[in-house]
1. Would you confirm whether any residue within region 127-140 is part of a loop (DSSP other than H, G, I, E, B), of a type in the set (Asp, Glu) and either touching a residue at least 60 places away in the same chain (Cβ under 8 Å) or within 26 Å of residue 46 (Cα to Cα) (or both)?
2. Could you identify the single residue in 100, 140 that is of a type in the set (D, E, K, R), under 27 Å from residue 182 (Cα atoms), surrounded by fewer than 20 Cβ atoms within 10 Å (Cβ to Cβ) and under 9 Å from the mean Cα position of the chain (by Cα)?
3. From the list 112, 101, 87, pick out the single residue that is among the β-branched types (Val, Ile, Thr) and touching a His at 6+ places or on another chain (Cβ under 7 Å).
4. What are the residues in region 15-51 that are surrounded by 12 or more Cβ atoms within 10 Å (Cβ to Cβ), of a type in the set (Asp, Glu) and out of contact with any strand residue (DSSP E or B) (no Cβ under 8 Å at 6 or more places or on another chain), if any?
5. Assess whether residue 117 counts as being within 16 Å of the chain's Cα centre (by Cα) and more than 19 Å from residue 133 (Cβ to Cβ).
6. Might you check whether a residue that is of a type in the set (Gly, Ala, Ser) and surrounded by fewer than 19 Cβ atoms within 10 Å (Cβ to Cβ) occurs anywhere in region 61-71?
7. Could you tell me which of the residues 72, 94 is in a loop (DSSP other than H, G, I, E, B) and at pLDDT 95 or above?
8. Checking the condition surrounded by fewer than 13 Cβ atoms within 10 Å (Cβ to Cβ), on the phi > 0 side of the Ramachandran plot and either assigned to a loop (DSSP other than H, G, I, E, B) or of a type in the set (D, E, K, R) (or both), which residue from 164, 107 passes?
Amino acid sequence: MIASTLAIPDVIAFEPKIFRDNRGLFFESFNARAFSEATGISATFVQDNFSRSAKGVLRGMHYQVVRPQGKFVRVTSGEVFDVAVDIRRNSPTFGKWIGEILSAENGKALWIPSGFAHGFLVLSETADFQYKVTDYWYPEHERCLRFDDPDIAIKWPAIQSHSGTSTAPTLSDKDRQGAALNALELL
């Protein structure tokens, strides 16, 4: 796995060495030693999560105010635009965002440490999204940042309908009620 820091240095991309032949392909999807060397931490992942979503679904921007979660995320089928927003009040990159295309084809994964709101937009017809977290989900502590907060100005890719027109993302009720950055309960 090749690790590289992104524009927000605490968010790290991991690209696997993919071995392809006539049978298919193989790669390490996670390696604790490589992860620790790249991040400088020995994270204990306590839960693996999986979601399957249709094209145009936007999940996020989620975080927990108590028992925040670090997330190691990847796509196992399809393609998404994955986003992390720094919501650490005293961080030099507070309110900044980073976005990466994750797909089954590129095998790329992201480490998103605690202190970030996280979400993704499905670009393919469907996408299977898998992620490891460093703490359990506590619904009473979960909060949601607006995906379209103008102060953050995430540049989400356009979602094209079958007729070629741009459409709005599909959101859950919870995600529709996300708060603006200036109104968030922060860590």
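1. The first filter runs over region 127-140 and keeps only residues part of a loop (DSSP other than H, G, I, E, B), leaving 134-138.
Right, trim to of a type in the set (Asp, Glu) and you get 135.
Adding the requirement that they be either touching a residue at least 60 places away in the same chain (Cβ under 8 Å) or within 26 Å of residue 46 (Cα to Cα) (or both) leaves 135.
Within region 127-140 (the criterion being part of a loop (DSSP other than H, G, I, E, B), of a type in the set (Asp, Glu) and either touching a residue at least 60 places away in the same chain (Cβ under 8 Å) or within 26 Å of residue 46 (Cα to Cα) (or both)), the answer is yes, since at least one residue qualifies.
2. Details: 140 fails: under 9 Å from the mean Cα position of the chain (by Cα).
Just a single option satisfies the conditions, and that option is 100.
3. On the way: 101 fails: touching a His at 6+ places or on another chain (Cβ under 7 Å); 87 fails: touching a His at 6+ places or on another chain (Cβ under 7 Å).
Answer to the selection: 112.
4. 28
5. Numbers: within 16 Å of the chain's Cα centre (by Cα): yes; more than 19 Å from residue 133 (Cβ to Cβ): no.
So residue 117 does not fit the description; no.
6. Taking region 61-71 first, the residues of a type in the set (Gly, Ala, Ser) are 70.
Filter once more, so that each one left must be surrounded by fewer than 19 Cβ atoms within 10 Å (Cβ to Cβ): none.
Scanning region 61-71, I find no residue that is of a type in the set (Gly, Ala, Ser) and surrounded by fewer than 19 Cβ atoms within 10 Å (Cβ to Cβ), so the answer is no.
7. 94
8. On the way: 107 fails: surrounded by fewer than 13 Cβ atoms within 10 Å (Cβ to Cβ).
The match here is 164.
The values are calculated or read from the model by the stated rules, or taken from the named source; none is laboratory data. Fair warning: this is a prediction, and the values are worked out from it, not measured in the lab. Cβ coordinates were reconstructed from backbone atoms using ideal geometry, including for glycine residues, and neighbour counts include every protein chain displayed.
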